Amino acid sequence: MIKGLYEAHLPVSNLANSIEFYKKLELELAYQNDTLAFFWIKKGHSWLGLWETDKVDTPYHPSLRHIALNIDIKDVENAKDWLEGKEYK
């Protein structure tokens with residue numbers, strides 16, 4: 001479903017929970033330590049970095065928490081069913 005992204009970094013409050021979330025979305029874990037994890041979006045080309053921090057309560061602004069993914073329109077139309085198949089509702 002996800003076709004492309006170069007890189008994105010997100011703050012998370014619970015790294016273990018976040019890792020499980022992205023694994024259910026079929027992303028491959030590339031690297032992990034105690035406070036950081038990287039998932040391949042497209043192996044060898046793009047990834048998502050998750051950083052466990054207490055700074056997740058920073059007021060929202062799109063420049064701080066923004067990911068743009070390359071997804072075909074037919075996949076957008078089927079996204080709800082796809083996510084429900086991963087047990088997300």
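The values are calculated or read from the model by the stated rules, or taken from the named source; none is laboratory data. Only a predicted model underlies this, so the values are computations on that prediction, with no experimental measurement involved. Backbone-built Cβ (ideal geometry, glycine too); neighbour counts: all protein chains shown. Each accessible area value is taken on the protein alone, full model and side chains, heavy atoms only, with ligands, DNA and RNA left out. Shrake-Rupley method; radii C 1.70, N 1.55, O 1.52, S 1.80 Å.
A few remarks follow.
- Annotation: H9 carries an accessible surface of approximately 80 Å², with a 1.4 Å probe and no ligand, DNA or RNA atoms counted.
- Each label was represented as a point 7 Å from its Cα along the Cα-to-Cβ direction; for E7 and L25 these points are 1.8 nm apart.
- Among the listed values [x] 13.5, 46; [y] 13.5, 38; [z] 14.1, 43, the one computed from these coordinates for Rg and Dmax of the Cα atoms in Å is [y].
- Remark: the range 12-20, residue by residue, has Karplus-estimated 3J(HN,Hα) of 10, 8, 9, 4, 4, 5, 5, 4, 4 Hz, where x stands for each Gly or Pro and the curve is 6.51 cos²θ - 1.76 cosθ + 1.60 at θ = phi - 60°.
- Filtered trypsin sites (Lys or Arg not before Pro), the range 1-53: DSSP coil and at most 15 other beta carbons within 10 Å: K3, K43
- Of all DSSP beta bridges confined to the chain, the antiparallel ones make up roughly 65%.
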